[in-house]
């Protein structure tokens, strides 16, 4: 197959590093450019000794500027940049015809007012919001095929939206009853050099944070509302736990009157029974981080509690793979017409 | 003060070890007997090298039999035994006038039918259920003072019951709306030599378990129902996370119509404002495991979500201290009329 | 290429699981049989939920008997069995022409008397010792190509032998001066359900063990002696540290009179400069576990201390990959004439 | 007893926090001042929520200036400051008669030239070097009693010097043969907000560092030389491992001709048999971090290897207690004539 030239902007963070790990073994692409604010001029293997002896180990980081990506002849660019920083890259790249897969939050929220509410600033490029496609292939595969701008979904949102989407779409559960607790590994905070992410502060520790209005609620509720055909507002509490990788999500919801647990299961089966990267564990199965670590799988199990009537949905993913770089590569594969598991 | 002779049955598990750690520095007691099935005849410092050079390091483990405790002249006995094994000890000890602080589940459930439902077997000593006192001093201090048999509360239950009790007692929240997620360190499983608790299986992993009907629900719902004056049934999902110590609990509940967040806070303040071991962090504060590790504190913080109307209560404790051995010693202090923080 | 039928005996341990992970993506083989004492009759994905959705996920474990492997038509068998258990499998398999790659210690020691000294029992199949090839491709590539029985090297030995071999072979260091300290992750103990490997016992802990005569000394000294052309006896102290994967080794040795640090470096470069899986970090570089985790690389760095005259060699590997399953697959690739990095 | 007024300079680092933890339960002192560059004006419980509900929780941090300590009426000051920053504090405090226990490296090295060699700068107060006492009570108890300036020993040095001191003093081992490997928890790096100490970088990782000339060699060799009566130069390699607390040290040395292992053991027994905080585990015992965590004990075990002739000494301590704050409090107790275990 004809190689597609690919670039990564912001390749020194954890998502960028994971993108490199995956793209090294991708037979359809040529990595032509990696950018970095702090490491420009250095070789990949200097910044990441783990990549010594691998393809691209001698590739040098370019300055953090879209012109570098364009000059390198990239046809697709991954943006692994902080929110706010990605939008100007996207604008410049799209203008010259480079397709963009953005891993930041910049193009996930369709409504600029919601972006302002949750991110506390004006959206930097509101005109692009209409054309961006929310990057979960299991939900937007058709749109992704021809997308120029993909807003690859967030780590928590992927783990929350996928279990709930079919149940809301089939009107099987009461949207107002949804309560979500998630546990995330520390890499979810990015390579953030702050005291709270030091080893000594995270080890033998755990804590809830961002209560009650974590930023990821914006995209979670946007997608759940789209599924339900009505405005959905939920509780969502993220917790930091001492693992490097992984998100574990536990969801409570009340089925609508007369809805059986089997109906819920059938909705999940119908939606995801053929999906490669969603593994339905059903009513007997379980989810745990170790089963999805370093993979692009999202595992889903569920239980019905006859005592309270609620259904409990549990999901597990690797936040750096299905929750970030893996899903971005899955999006790339859909955009380029390749088999979805390529390099995953 | 006159020393009280104390024994520990089952002193080689994690709760037993923690009891020893605390009792070593207790000025009011003399540890006269420790029992063990597997280590009888061995000195304390042989089984626990960490206790070398400490008081009692040369004390020898006795066989696991109540007669050993009686022969040693114990006036109070802690039972750190598996459920089912504690009841016969309690019966034999109480008969000879030894006061019993049981850390197992054997005497926590007042209703033998509920015990059977959750533990799958007949209660071994139903006659004693009436006289046992549920061992959370903040709730049953008066009864504990003269108790002969104390059922020291479970680790999860302590972290769930204490935040909810005043709100239910004051009829401020809707009992049917309660949903609880807890995260526990691996010592919560006891010194259970099973593959699932191996380092390699727990490290870099996390998982929900016991869904939807964990055994601790029995005592949680019993105490919440007592507080609410009506039968309370809730959802509770425990999760295993890779820390040695600590329980972090996140609770969702809907205030009753017209109840303000301030009213909820006042109920917490009124109930626990003077309590030494409950630290109210309020609406701005936070909870995390590192703040309570190795201490007998339970920290409680809360948030109100105006978008959904729910209140979110968060609590943190050390499962081996406030969730087990520390609370047992606190119970001892109440029973003996000592200052509650003694040795804590 | 023509697929080679492969079997794994003892596929439920950590090395067996890692072999499966690697062989799933090996284009030259067909996995036709996996055996297990405890899980016979169960599908791979039942025992290892992480392998759901992967090739071979429906393969059923056969009973732990060489006849199962022969009946399945295997041409090569990996033995991931405890020492002592592997030998009878090897005998039976070799007799019918199945090539064997043994990951246990059974065929690593050429001298049955040394085996007895270190393992405390008679060697179960001494006649096979002559024909087995010690499985480190960087040292025995030619012999491995036609080997029928490969004794894949141990985890510690690989990390100790490879840095020292060229220096001893070139007579650059004094054998009597060698002192080695190694740190190993807990998976190095295998899936050993014993109290000392529980999460709570290993977390926030570290300890030396097997001092001063760990079993791996037998093969370490055998290979160092072969390199040096004289009997080499060393000190080697393994330590258990709380990581799942990885071995970090620090070696001290005194260069012979007149030998410069540069001569030592040249010997390493000459021996390994062209090796794919040995990455020489030189005098300025460093080694750490994260750079080799989940890979088949062995990293080597060194320093010279002009104050004492000693050289310090440091190596890092993933004990389950280059220290076990990865090296076994590398051996397979050599045996079958495939590119060494295949599936690695 | 009459309370002694105590201050801590630099109380927000890990050693400072540990000092607070210990001094809270010290019956002989009153903590009158804590200083901080970044947290001046804040209450102790704001900076360390774990200290809520404890004595001193409302104490406010003063600015980082010796005049604050003097104004508060301190009679003894602990300096938990970076090296270089402690010396000016010590000068100002000693001038007004405040006794100083410095936890930094500033007054450990008696020879200003050695300080310059290892720390790369001129010593800031060379005149004070003569009067400072090296703060290991087991070695300098008599001098400590009347010391005005104590240089509390470093974490690694304590774990290396104590096992070797009696053997060198009795001329039982060859100084040139000494090789030391140490493993340290991450808190040993202090509250250093740098990328290399992030959770994600340290978890599932381990690495040697500071090879071959770590700064602590200066004080290690100074004290070993003093013991041996000749200049001792050794190899010492520290390793970072993923635990919060603890140092594990493994030492190799060759006994002098004719010296038996029993003679070595007797030297250890004679030196430390009566010491409260040194626990000799002998030839059969073992050391591990969990046995000394949160305590002021240093455990020492040893083995003789008849194959190489070397002795292997192993020690374990909590780097924040016996390796820092605990030893500093032990020094305080000696200086004030109190029982050494007070508050420990």
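The values are calculated or read from the model by the stated rules, or taken from the named source; none is laboratory data. Being a predicted model, the structure only gives us computed values, none of them experimental. Heads up, the Cβs are rebuilt from the backbone with ideal geometry, glycines too, and the neighbour counts pull from every protein chain shown.
With respect to being touching a strand residue (DSSP E or B) at 6+ places or on another chain (Cβ under 7 Å) and surrounded by fewer than 24 Cβ atoms within 10 Å (Cβ to Cβ), residue A:156 falls outside the description.
Is segment A:318-327 home to any residue that is under 14 Å from residue B:207 (Cα atoms) and surrounded by fewer than 18 Cβ atoms within 10 Å (Cβ to Cβ)? Looking for residues that are under 14 Å from residue B:207 (Cα atoms) and surrounded by fewer than 18 Cβ atoms within 10 Å (Cβ to Cβ), one finds none in segment A:318-327, hence no.
Considering only segment D:201-220, state which residues are more than 12 Å from residue C:303 (Cβ to Cβ), within 7 Å of another protein chain (Cβ to nearest Cβ) and assigned to a loop (DSSP other than H, G, I, E, B).
Once the filter is applied, which keeps residues that are more than 12 Å from residue C:303 (Cβ to Cβ), within 7 Å of another protein chain (Cβ to nearest Cβ) and assigned to a loop (DSSP other than H, G, I, E, B), segment D:201-220 yields D:203, D:204, D:205, D:206.
Considering only segment C:158-171, state which residues are part of a helix (DSSP H, G or I) and under 17 Å from residue C:231 (Cβ atoms). C:160, C:161, C:164, C:165, C:167, C:168, C:169 - these are the residues of segment C:158-171 that are part of a helix (DSSP H, G or I) and under 17 Å from residue C:231 (Cβ atoms). Summed over segment C:161-192, the residues that are under 27 Å from residue C:240 (Cβ atoms), away from chain D (no Cβ under 14 Å), crowded, with 23+ Cβ neighbours inside 10 Å and touching a strand residue (DSSP E or B) at 6+ places or on another chain (Cβ under 8 Å) give a count of 2.
Applying the set (1) over 30 Å from residue B:242 (Cα atoms); (2) in contact (Cβ under 8 Å) with a residue 60 or more places away in the chain; (3) within 14 Å of another protein chain (Cβ to nearest Cβ); (4) out of contact with any helix residue (DSSP H, G or I) (no Cβ under 7 Å at 6 or more places or on another chain) to residue C:275 leaves exactly one unmet item: (4). For the criterion of being within 22 Å of residue B:154 (Cβ to Cβ) and within 18 Å of the chain's Cα centre (by Cα), residue B:278 passes.
Grab the strands (runs of 3 or more DSSP E) fully contained in segment D:54-147, keeping just those with 1 or more residues being without any contact (Cβ under 8 Å) to a residue 60 or more places away in the chain and in contact with a strand residue (DSSP E or B) (Cβ under 7 Å, 6 or more places away or on another chain).
Working: elements: D:76-79, D:99-102, D:133-135.
The qualifying strands (runs of 3 or more DSSP E) are D:99-102, D:133-135.
Residue count for segment A:15-49 under the criterion of being within 14 Å of chain C (Cβ to nearest Cβ) and more than 18 Å from residue A:343 (Cα to Cα): the result is 7.
For segment A:1-14, the tally of residues that are assigned to a loop (DSSP other than H, G, I, E, B) and more than 14 Å from chain D (Cβ to nearest Cβ) stands at 5. Could you go through segment B:201-209 and let me know if any residue there is crowded, with 23+ Cβ neighbours inside 10 Å, farther than 30 Å from residue B:87 by Cβ, touching a helix residue (DSSP H, G or I) at 6+ places or on another chain (Cβ under 8 Å) and touching a residue at least 40 places away in the same chain (Cβ under 8 Å). Checked segment B:201-209: at least one residue is crowded, with 23+ Cβ neighbours inside 10 Å, farther than 30 Å from residue B:87 by Cβ, touching a helix residue (DSSP H, G or I) at 6+ places or on another chain (Cβ under 8 Å) and touching a residue at least 40 places away in the same chain (Cβ under 8 Å). None of C:34, C:6 is more than 26 Å from residue B:199 (Cα to Cα), modelled with pLDDT of 95 or more, touching a helix residue (DSSP H, G or I) at 6+ places or on another chain (Cβ under 8 Å) and surrounded by 21 or more Cβ atoms within 10 Å (Cβ to Cβ) except C:6.
Filtering D:266, D:340, D:230 for residues that are surrounded by fewer than 21 Cβ atoms within 10 Å (Cβ to Cβ) and within 21 Å of residue D:102 (Cα to Cα) leaves a single hit, D:340. Taking the criterion of being surrounded by fewer than 23 Cβ atoms within 10 Å (Cβ to Cβ) and either within 18 Å of the chain's Cα centre (by Cα) or part of a strand (DSSP E or B) (or both), the only residue of segment A:251-263 that qualifies is A:255. Screening residue C:53 against (1) surrounded by fewer than 21 Cβ atoms within 10 Å (Cβ to Cβ); (2) within 22 Å of the chain's Cα centre (by Cα) leaves a single unmet condition, (2). If you go through segment D:242-266 and keep only what is closer than 20 Å to residue D:155 by Cα and out of contact with any helix residue (DSSP H, G or I) (no Cβ under 8 Å at 6 or more places or on another chain), you end up with just D:250. For residue D:267, the conditions (1) in contact (Cβ under 8 Å) with a residue 40 or more places away in the chain; (2) not in a helix (DSSP H, G or I) all hold with the exception of (2). When segment A:130-150 is examined, which residues are found to be surrounded by fewer than 19 Cβ atoms within 10 Å (Cβ to Cβ) and under 16 Å from residue A:91 (Cβ atoms)? A:130, A:131, A:148, listed by residue number.
Filtered by the rule that a residue be touching a helix residue (DSSP H, G or I) at 6+ places or on another chain (Cβ under 7 Å) and either within 8 Å of chain D (Cβ to nearest Cβ) or within 19 Å of residue D:312 (Cα to Cα) (or both), segment C:221-237 gives C:232, C:233, C:234, C:236. Out of (1) touching a residue at least 40 places away in the same chain (Cβ under 8 Å); (2) farther than 30 Å from residue C:284 by Cβ; (3) assigned to a strand (DSSP E or B), the odd one out for residue A:32 is which? (2) is the only condition that residue A:32 fails.
Considering segment B:287-344, and only residues there that are under 23 Å from residue A:197 (Cα atoms) and in a helix (DSSP H, G or I), the residue that is farthest from the other protein chains (Cβ to nearest Cβ) turns out to be B:292. When the criteria are applied in full, residue C:245 fails the requirement of being within 13 Å of chain D (Cβ to nearest Cβ) and either closer than 29 Å to residue B:15 by Cβ or surrounded by fewer than 23 Cβ atoms within 10 Å (Cβ to Cβ) (or both).
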